[in-house]
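The values are calculated or read from the model by the stated rules, or taken from the named source; none is laboratory data. Everything quoted here is computed from the prediction, not taken from an experiment. When we count neighbours, we look across all protein chains shown, and the Cβ atoms used for this are built from the backbone with ideal geometry, even at glycine. For accessibility, only protein heavy atoms count, side chains too; no ligands or nucleic acids. Shrake-Rupley method; radii C 1.70, N 1.55, O 1.52, S 1.80 Å.
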Amino acid sequence: MKALTFSSFGNSDVLEYIEIPNPQLKNDEILIEMKAIGLNFADVYRRKGNYHLKGNPPFIAGYEGAGIVVDANNHPDYKVGDRVAFADAPFANAELVAVNINHVLPLPAAISFETAAAILLQGLTAHYLATDSHKTQKCETVLIHAVAGGVGQTLTQISKLLGATVIGLTSSADKAKIALEQGADHVFLYSEDWKSQVFKIVPKGVDVAYDSIGSTLMESFEVTKECGQVVFFGMAGGDPAPVDPRMLMDGSKTLTGGDLWSYLNSKEERIKRANQLFNWIIEGKITLSTPTSFKLSEGKLAHDYLESRKSTGKIILIP
(Lines give C-alpha, C1' and ligand atoms only; values in the text may rest on other atoms or scores of the structure.)
Protein backbone atom coordinates (compact mmCIF):
# COMPACT_ATOMS: atom_id res chain seq x y z
CA MET A 1 0.00 0.00 0.00
CA LYS A 2 0.96 3.67 -0.29
CA ALA A 3 1.29 5.89 2.78
CA LEU A 4 2.37 9.41 3.70
CA THR A 5 5.42 8.87 5.91
CA PHE A 6 8.44 10.52 7.48
CA SER A 7 11.65 8.93 8.77
CA SER A 8 13.17 12.03 10.34
CA PHE A 9 11.71 15.06 12.09
CA GLY A 10 11.50 18.50 10.56
CA ASN A 11 9.55 20.68 8.16
CA SER A 12 7.22 19.35 5.47
CA ASP A 13 10.20 18.36 3.29
CA VAL A 14 10.66 15.23 5.42
CA LEU A 15 7.30 13.85 4.20
CA GLU A 16 7.49 10.98 1.72
CA TYR A 17 4.66 9.23 -0.13
CA ILE A 18 6.00 5.70 -0.46
CA GLU A 19 5.07 2.05 -0.81
CA ILE A 20 5.12 0.12 2.48
CA PRO A 21 3.81 -3.31 3.55
CA ASN A 22 0.12 -3.72 4.30
CA PRO A 23 -0.82 -3.77 8.01
CA GLN A 24 -0.80 -7.17 9.71
CA LEU A 25 -4.07 -7.53 11.62
CA LYS A 26 -4.11 -8.41 15.31
CA ASN A 27 -7.02 -10.40 16.70
CA ASP A 28 -8.89 -7.30 17.88
CA GLU A 29 -8.50 -5.31 14.63
CA ILE A 30 -10.28 -4.92 11.32
CA LEU A 31 -8.79 -3.56 8.09
CA ILE A 32 -10.19 -0.35 6.60
CA GLU A 33 -9.63 0.97 3.08
CA MET A 34 -9.43 4.71 3.64
CA LYS A 35 -11.64 7.07 1.63
CA ALA A 36 -10.96 10.33 3.52
CA ILE A 37 -8.47 11.28 6.25
CA GLY A 38 -8.53 14.27 8.59
CA LEU A 39 -5.42 16.45 8.87
CA ASN A 40 -4.80 18.11 12.24
CA PHE A 41 -2.16 20.28 13.87
CA ALA A 42 -1.23 17.27 15.99
CA ASP A 43 0.08 15.67 12.80
CA VAL A 44 2.35 18.67 12.26
CA TYR A 45 3.59 18.35 15.85
CA ARG A 46 4.26 14.64 15.26
CA ARG A 47 6.20 15.42 12.09
CA LYS A 48 8.33 17.87 14.06
CA GLY A 49 8.96 15.31 16.80
CA ASN A 50 7.25 17.09 19.69
CA TYR A 51 4.05 15.07 20.10
CA HIS A 52 3.30 11.45 21.00
CA LEU A 53 4.00 9.15 18.07
CA LYS A 54 3.52 5.41 17.70
CA GLY A 55 5.47 2.94 15.59
CA ASN A 56 8.92 3.02 14.07
CA PRO A 57 10.36 4.76 10.98
CA PRO A 58 8.97 5.25 8.46
CA PHE A 59 6.42 6.92 10.76
CA ILE A 60 2.79 7.37 9.70
CA ALA A 61 0.82 10.23 11.26
CA GLY A 62 -2.94 10.71 11.32
CA TYR A 63 -5.56 9.61 13.83
CA GLU A 64 -8.89 10.24 12.10
CA GLY A 65 -10.64 9.15 8.96
CA ALA A 66 -13.35 7.10 7.26
CA GLY A 67 -13.59 4.27 4.77
CA ILE A 68 -14.90 0.78 4.13
CA VAL A 69 -14.12 -2.53 5.80
CA VAL A 70 -12.04 -4.78 3.53
CA ASP A 71 -11.21 -7.46 6.14
CA ALA A 72 -13.56 -8.00 9.10
CA ASN A 73 -11.12 -10.49 10.63
CA ASN A 74 -14.00 -12.73 11.82
CA HIS A 75 -15.53 -10.02 14.01
CA PRO A 76 -19.32 -10.52 13.95
CA ASP A 77 -20.15 -6.81 14.33
CA TYR A 78 -18.58 -5.94 10.96
CA LYS A 79 -18.55 -7.27 7.43
CA VAL A 80 -16.68 -6.44 4.25
CA GLY A 81 -18.18 -3.32 2.68
CA ASP A 82 -19.38 -1.70 5.92
CA ARG A 83 -18.94 2.07 6.05
CA VAL A 84 -16.99 3.05 9.17
CA ALA A 85 -14.93 5.84 10.68
CA PHE A 86 -12.59 6.45 13.60
CA ALA A 87 -11.32 9.41 15.60
CA ASP A 88 -8.58 7.99 17.76
CA ALA A 89 -6.64 5.26 15.98
CA PRO A 90 -3.07 5.77 14.70
CA PHE A 91 -1.48 5.45 11.25
CA ALA A 92 -4.42 6.98 9.36
CA ASN A 93 -2.32 8.56 6.58
CA ALA A 94 -2.33 5.41 4.48
CA GLU A 95 -4.45 3.55 1.95
CA LEU A 96 -5.13 0.77 4.48
CA VAL A 97 -5.42 1.10 8.26
CA ALA A 98 -5.79 -1.56 10.94
CA VAL A 99 -8.20 -0.27 13.59
CA ASN A 100 -9.03 -1.79 16.97
CA ILE A 101 -12.71 -2.77 17.00
CA ASN A 102 -13.28 -0.69 20.15
CA HIS A 103 -12.33 2.43 18.18
CA VAL A 104 -14.48 1.76 15.10
CA LEU A 105 -17.52 4.01 14.58
CA PRO A 106 -20.36 2.82 12.35
CA LEU A 107 -21.02 5.50 9.73
CA PRO A 108 -24.66 6.38 8.93
CA ALA A 109 -25.60 6.36 5.25
CA ALA A 110 -26.40 10.08 5.43
CA ILE A 111 -22.85 10.98 6.52
CA SER A 112 -20.24 11.02 3.75
CA PHE A 113 -16.68 9.81 4.22
CA GLU A 114 -15.51 13.39 3.71
CA THR A 115 -17.88 14.74 6.36
CA ALA A 116 -16.79 12.12 8.87
CA ALA A 117 -13.11 12.87 8.27
CA ALA A 118 -13.81 16.58 8.59
CA ILE A 119 -15.91 16.54 11.77
CA LEU A 120 -14.89 13.75 14.12
CA LEU A 121 -11.85 14.97 16.07
CA GLN A 122 -12.80 18.64 16.08
CA GLY A 123 -16.51 17.95 16.49
CA LEU A 124 -16.03 15.52 19.37
CA THR A 125 -13.72 18.06 20.99
CA ALA A 126 -16.39 20.76 20.69
CA HIS A 127 -18.96 18.30 22.04
CA TYR A 128 -17.10 17.51 25.27
CA LEU A 129 -16.15 21.17 25.78
CA ALA A 130 -19.80 22.28 25.72
CA THR A 131 -21.31 19.31 27.55
CA ASP A 132 -18.62 18.07 29.96
CA SER A 133 -15.85 20.59 30.59
CA HIS A 134 -18.58 23.19 30.97
CA LYS A 135 -22.24 22.21 30.97
CA THR A 136 -23.59 25.05 28.84
CA GLN A 137 -26.96 26.41 29.97
CA LYS A 138 -29.58 28.58 28.29
CA CYS A 139 -28.91 32.32 28.49
CA GLU A 140 -25.22 31.92 29.30
CA THR A 141 -22.57 33.90 27.43
CA VAL A 142 -19.56 31.96 26.18
CA LEU A 143 -16.28 33.30 24.79
CA ILE A 144 -14.55 31.20 22.13
CA HIS A 145 -10.95 31.82 21.11
CA ALA A 146 -9.97 30.97 17.51
CA VAL A 147 -13.66 30.97 16.71
CA ALA A 148 -13.18 30.48 12.96
CA GLY A 149 -11.14 27.30 13.37
CA GLY A 150 -12.58 23.82 13.08
CA VAL A 151 -13.28 23.39 16.80
CA GLY A 152 -14.40 27.01 17.12
CA GLN A 153 -16.98 26.75 14.34
CA THR A 154 -18.55 23.59 15.73
CA LEU A 155 -18.35 24.79 19.35
CA THR A 156 -20.17 27.95 18.26
CA GLN A 157 -23.01 25.92 16.75
CA ILE A 158 -23.31 23.53 19.71
CA SER A 159 -23.29 26.45 22.16
CA LYS A 160 -26.09 28.10 20.19
CA LEU A 161 -28.01 24.81 20.15
CA LEU A 162 -27.77 24.76 23.94
CA GLY A 163 -29.12 28.31 24.20
CA ALA A 164 -25.98 30.37 24.80
CA THR A 165 -24.85 33.71 23.39
CA VAL A 166 -21.49 33.34 21.63
CA ILE A 167 -18.69 35.91 21.56
CA GLY A 168 -15.86 34.90 19.25
CA LEU A 169 -12.25 36.02 18.85
CA THR A 170 -10.24 35.67 15.68
CA SER A 171 -7.38 37.22 13.72
CA SER A 172 -8.89 38.70 10.56
CA ALA A 173 -12.02 40.25 9.09
CA ASP A 174 -12.41 37.34 6.69
CA LYS A 175 -12.35 34.85 9.56
CA ALA A 176 -14.76 37.03 11.54
CA LYS A 177 -17.22 36.84 8.65
CA ILE A 178 -17.02 33.04 8.66
CA ALA A 179 -17.62 32.93 12.42
CA LEU A 180 -20.69 35.12 12.09
CA GLU A 181 -21.99 32.87 9.33
CA GLN A 182 -21.61 29.93 11.72
CA GLY A 183 -23.86 31.65 14.24
CA ALA A 184 -21.59 33.67 16.52
CA ASP A 185 -23.45 36.66 17.96
CA HIS A 186 -20.39 38.93 18.23
CA VAL A 187 -16.87 38.53 16.84
CA PHE A 188 -13.85 40.68 17.71
CA LEU A 189 -10.32 40.72 16.35
CA TYR A 190 -7.29 40.06 18.53
CA SER A 191 -5.79 43.28 17.14
CA GLU A 192 -8.65 45.26 18.69
CA ASP A 193 -9.24 46.11 22.35
CA TRP A 194 -11.39 43.01 22.52
CA LYS A 195 -11.62 42.88 26.32
CA SER A 196 -13.36 46.26 26.43
CA GLN A 197 -15.70 45.08 23.69
CA VAL A 198 -16.61 41.98 25.69
CA PHE A 199 -17.45 44.05 28.78
CA LYS A 200 -19.74 46.27 26.70
CA ILE A 201 -21.82 43.17 25.96
CA VAL A 202 -21.58 41.49 29.39
CA PRO A 203 -20.50 44.05 32.03
CA LYS A 204 -19.91 41.34 34.64
CA GLY A 205 -18.00 39.07 32.26
CA VAL A 206 -18.69 35.84 30.40
CA ASP A 207 -19.86 32.63 32.04
CA VAL A 208 -17.13 30.57 30.38
CA ALA A 209 -14.11 31.24 28.17
CA TYR A 210 -12.78 28.46 25.93
CA ASP A 211 -9.07 29.07 25.46
CA SER A 212 -7.10 27.07 22.89
CA ILE A 213 -4.42 29.75 22.46
CA GLY A 214 -2.62 29.35 25.79
CA SER A 215 -0.75 32.64 25.82
CA THR A 216 -4.12 34.40 26.27
CA LEU A 217 -5.11 32.48 29.40
CA MET A 218 -4.81 35.39 31.85
CA GLU A 219 -6.82 37.62 29.52
CA SER A 220 -9.49 34.95 29.44
CA PHE A 221 -9.68 35.12 33.23
CA GLU A 222 -9.96 38.91 33.07
CA VAL A 223 -13.17 38.74 31.02
CA THR A 224 -14.71 35.87 32.98
CA LYS A 225 -17.26 36.78 35.65
CA GLU A 226 -17.07 35.90 39.33
CA CYS A 227 -17.89 32.20 39.76
CA GLY A 228 -17.17 31.79 36.04
CA GLN A 229 -14.98 29.23 34.34
CA VAL A 230 -12.04 29.11 31.94
CA VAL A 231 -11.56 25.92 29.93
CA PHE A 232 -7.98 25.52 28.69
CA PHE A 233 -7.62 22.99 25.87
CA GLY A 234 -4.78 24.11 23.60
CA MET A 235 -1.59 26.10 23.16
CA ALA A 236 -1.70 27.33 19.56
CA GLY A 237 -0.19 30.64 20.67
CA GLY A 238 2.34 29.30 23.15
CA ASP A 239 2.45 28.16 26.76
CA PRO A 240 0.21 29.97 29.26
CA ALA A 241 1.56 31.97 32.18
CA PRO A 242 1.43 30.20 35.57
CA VAL A 243 -1.93 30.61 37.32
CA ASP A 244 -2.01 32.03 40.86
CA PRO A 245 -4.48 30.01 42.98
CA ARG A 246 -5.14 33.17 45.00
CA MET A 247 -6.61 34.76 41.88
CA LEU A 248 -8.96 31.80 41.51
CA MET A 249 -10.01 32.09 45.14
CA ASP A 250 -10.53 35.86 45.08
CA GLY A 251 -12.89 35.66 42.11
CA SER A 252 -14.35 32.22 42.86
CA LYS A 253 -13.23 31.27 39.36
CA THR A 254 -12.55 27.81 38.02
CA LEU A 255 -9.82 26.61 35.66
CA THR A 256 -10.56 23.36 33.86
CA GLY A 257 -8.22 21.46 31.59
CA GLY A 258 -9.63 19.70 28.56
CA ASP A 259 -8.37 16.75 26.54
CA LEU A 260 -10.52 14.65 24.20
CA TRP A 261 -8.77 11.38 25.09
CA SER A 262 -10.15 11.63 28.64
CA TYR A 263 -13.67 11.29 27.24
CA LEU A 264 -13.20 8.74 24.45
CA ASN A 265 -12.59 6.05 27.05
CA SER A 266 -14.78 3.15 25.84
CA LYS A 267 -16.38 1.77 22.70
CA GLU A 268 -19.82 2.76 23.98
CA GLU A 269 -18.72 6.30 24.81
CA ARG A 270 -17.12 6.80 21.39
CA ILE A 271 -20.20 5.60 19.53
CA LYS A 272 -22.63 7.57 21.73
CA ARG A 273 -20.76 10.85 21.27
CA ALA A 274 -20.19 10.33 17.54
CA ASN A 275 -23.86 9.46 16.98
CA GLN A 276 -24.94 12.65 18.76
CA LEU A 277 -22.69 14.61 16.42
CA PHE A 278 -23.89 12.73 13.32
CA ASN A 279 -27.54 13.22 14.30
CA TRP A 280 -27.08 16.97 14.71
CA ILE A 281 -25.57 17.08 11.21
CA ILE A 282 -28.33 14.92 9.68
CA GLU A 283 -30.99 17.09 11.34
CA GLY A 284 -29.36 20.25 10.00
CA LYS A 285 -28.60 21.60 13.47
CA ILE A 286 -24.88 21.68 12.68
CA THR A 287 -23.43 22.56 9.29
CA LEU A 288 -19.85 22.17 8.13
CA SER A 289 -17.80 24.45 5.95
CA THR A 290 -16.70 22.59 2.85
CA PRO A 291 -13.34 21.00 3.71
CA THR A 292 -10.24 21.69 1.63
CA SER A 293 -9.14 18.45 -0.03
CA PHE A 294 -5.67 17.33 -1.03
CA LYS A 295 -4.60 13.99 -2.43
CA LEU A 296 -2.73 11.92 0.14
CA SER A 297 0.21 12.04 -2.25
CA GLU A 298 0.11 15.85 -1.89
CA GLY A 299 0.63 15.64 1.86
CA LYS A 300 3.46 18.18 1.82
CA LEU A 301 1.19 20.80 0.24
CA ALA A 302 -1.53 20.04 2.76
CA HIS A 303 0.87 20.43 5.71
CA ASP A 304 2.18 23.70 4.29
CA TYR A 305 -1.36 25.03 3.85
CA LEU A 306 -2.31 24.06 7.40
CA GLU A 307 0.80 25.72 8.83
CA SER A 308 0.17 28.89 6.81
CA ARG A 309 -2.95 29.42 9.00
CA LYS A 310 -4.81 30.56 5.89
CA SER A 311 -7.31 27.73 6.24
CA THR A 312 -10.57 28.28 8.12
CA GLY A 313 -12.27 24.92 7.78
CA LYS A 314 -10.99 21.39 7.84
CA ILE A 315 -8.27 19.98 5.59
CA ILE A 316 -8.75 16.38 4.48
CA LEU A 317 -6.53 13.97 2.57
CA ILE A 318 -7.95 11.65 -0.10
CA PRO A 319 -6.02 8.42 -0.86
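Assuming a ≥ b ≥ c are the square roots of the Cα gyration tensor eigenvalues, decide whether the stretch 27-130 counts as rounded (a/c under 1.5), prolate (otherwise, with a/b larger than b/c) or oblate.
It comes out oblate by the Cα gyration axes.
If one takes the longest principal axis of the Cα atoms in the chain, at what angle in degrees, from 0 to 90 and to the nearest 10, does the Cα axis of helix 113-128 lie?
40 degrees
Could you give the angle, 0 to 90 degrees to the nearest 10, between helix 267-282's Cα long axis and the longest principal axis of the Cα atoms of the chain?
Approximately 70 degrees, to the nearest ten.
Using the basic label-point model (7 angstrom from Cα toward the beta carbon), what is the Glu33 to His52 distance in nanometres?
Between Glu33 and His52, the label points sit 3.2 nm apart.
Name the lysines eligible as straight-distance cross-link partners of Lys2: C-alpha to C-alpha under 21 Å, and not fewer than 8 places from it in the same chain.
Qualifying lysines at Cα under 21 Å: Lys26, Lys35, Lys54, Lys295, Lys300.
Projecting each Cα onto the charge dipole of the chain (Lys/Arg +1, Asp/Glu -1 at the beta carbon, about the Cα centre), which of Phe294, Phe86, Ile144 comes out farthest on the positive side?
Final value for the positive-end residue is Ile144.
Heavy atoms only, 1.4 Å probe, whole protein assembly: order Ser159, Ser293 by accessible area, highest first. Don't skip to the answer; put the middle values down first.
Numbers: Ser159 0, Ser293 70 Å².
My answer, sorted largest first, is Ser293, Ser159.
If you roll a 1.4 angstrom probe over the protein chains with everything in place, what fraction of the accessible area of the stretch 75-160 belongs to carbon and sulfur, to the nearest %?
Details: 1500 of 2650 Å².
Carbon with sulfur: 57 percent of the solvent-accessible area.
Among DSSP beta bridges whose residues both lie in the chain, state the antiparallel percentage, nearest 5.
55 percent
Give a quick list of GluC sites (Glu not before Pro) in the stretch 113-200 that DSSP marks as loop, anything other than H, G, I, E or B, with at most 14 other Cβ atoms within 10 Å.
Counting only loop positions with at most 14 other Cβ atoms within 10 Å, the GluC sites (Glu not before Pro) in the stretch 113-200 are Glu192.
Share of the stretch 193-313's accessible area from carbon and sulfur, percent, 1.4 Å?
Values: 3190 of 6290 Å².
Solvent-exposed carbon and sulfur of the stretch 193-313 make up 51 percent of the total.
Any aspartates and glutamates with Cα under 20 Å of the Lys160 Cα? List them, leaving off those in the same chain fewer than 8 positions away.
Asp132, Glu140, Glu181, Asp185, Asp207, Asp211, Glu283
Relative to the Cα centre, what is the charge dipole magnitude of the chain, using +1 at the beta carbon of each Lys and Arg, -1 at the beta carbon of each Asp and Glu, and rounding to the nearest 20 debye?
340 debye
Between beta-carbons, use under 14 Å as the cut-off and find the net charge around Ala72, counting Lys and Arg +1, Asp and Glu -1.
-3
Given a 1.4 angstrom probe, what's the average accessible area per residue across the stretch 1-158, in square angstrom?
38 Å²
Expected output is a single nm value to one decimal: the length gained when fully extending between Gln276 and Leu25, i.e. 0.36 nm times separation in residues minus the C-alpha distance. What is it?
87.4 nm is the gain from fully extending Gln276 to Leu25.
With a/c under 1.5 counting as rounded, go ahead and sort the stretch 122-246 into rounded, prolate or oblate using the C-alpha gyration tensor (a ≥ b ≥ c being the square roots of the eigenvalues; past the cut-off, prolate if a/b is larger than b/c, else oblate).
rounded
Name the residue from Thr125, Ser191, Leu155 whose Cα lies farthest towards the positive end of the charge dipole of the chain, charges +1 on Cβ of Lys and Arg and -1 on Cβ of Asp and Glu.
Farthest along the dipole direction, towards plus: Leu155.
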